[in-house]
1. If you scan region 137-176, which residues turn out to be touching a Phe, Trp or Tyr at 6+ places or on another chain (Cβ under 9 Å), at pLDDT below 95, outside any strand (DSSP E or B) and within 12 Å of Arg186 (Cα to Cα)?
2. Taking Arg130 as the residue in question, decide whether it is among the charged types (D, E, K, R) and either under 23 Å from the mean Cα position of the chain (by Cα) or crowded, with 20+ Cβ neighbours inside 10 Å (or both).
3. Would you check which residues across region 178-194 are within 19 Å of Leu139 (Cα to Cα) and part of a helix (DSSP H, G or I) and list them?
Amino acid sequence: MRRFLISLLTLAVATGLAACSKPKPQTPGPTSIPQPFPASAIPRPADVPVPPPPIPPEPVITSGGDITSGSADSRSIAEINKNSPLKPAFFAYDSDTLDDSARKSLNENAQVLKSNATWIITIEGHCDERGTAEYNLALADRRALAAKSYLVSLGIGADRLKTVSYGKEFPFDTGHDEDSWLQNRRAHFTLTAK
């Protein structure tokens, strides 16, 4: 029995050694060497079709003259100001308080400014011809600031709104009666950059 175990052990060791030995390297047969492409088969830059550039979309102008969101306005600043979609806000005599009519105009202006997020506006404060130049400059400044504050409260960035006071120097209507003065007591909106 002892001989049988020794034989079995010897056989197991021999089998294990045979399994662990390195395989004999095979000699490679003939190999094929890849042939280069012929020069005529290699595409040259002139042969590669170049897709045309995309055509930019046309601006969409609404009936009110404003530009819809996401489109660029190709009109010049002067053209936009000539037919401005921004409405003036009018004030009562000797007042810088926004009434319902002024707030309505400013609400509409805020929508235009939200649709044209790159526009920078100057709010001009104006007065009628009554009162001293100094008094009217201060009153017109308060009117412009009241309009700006209201627009900021509607979500328009303050950095997009500049103010200037012209007092009574640039009347819209040169008449000397209440109807003319009413037109001159205003905050006027001018596009200064887009």
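The values are calculated or read from the model by the stated rules, or taken from the named source; none is laboratory data. Bear in mind the structure is a predicted one, so any value in this text is a computation, not a measurement. Cβ placement follows ideal geometry from the backbone for every residue including glycine, while neighbour counts extend to all protein chains displayed.
1. Across region 137-176, the qualifying residues are Pro171, Asp173.
2. On the way: among the charged types (D, E, K, R): yes; either under 23 Å from the mean Cα position of the chain (by Cα) or crowded, with 20+ Cβ neighbours inside 10 Å (or both): no.
It is false that Arg130 is among the charged types (D, E, K, R) and either under 23 Å from the mean Cα position of the chain (by Cα) or crowded, with 20+ Cβ neighbours inside 10 Å (or both).
3. Hits for region 178-194 are Glu178, Ser180, Trp181, Leu182, Gln183, Asn184.
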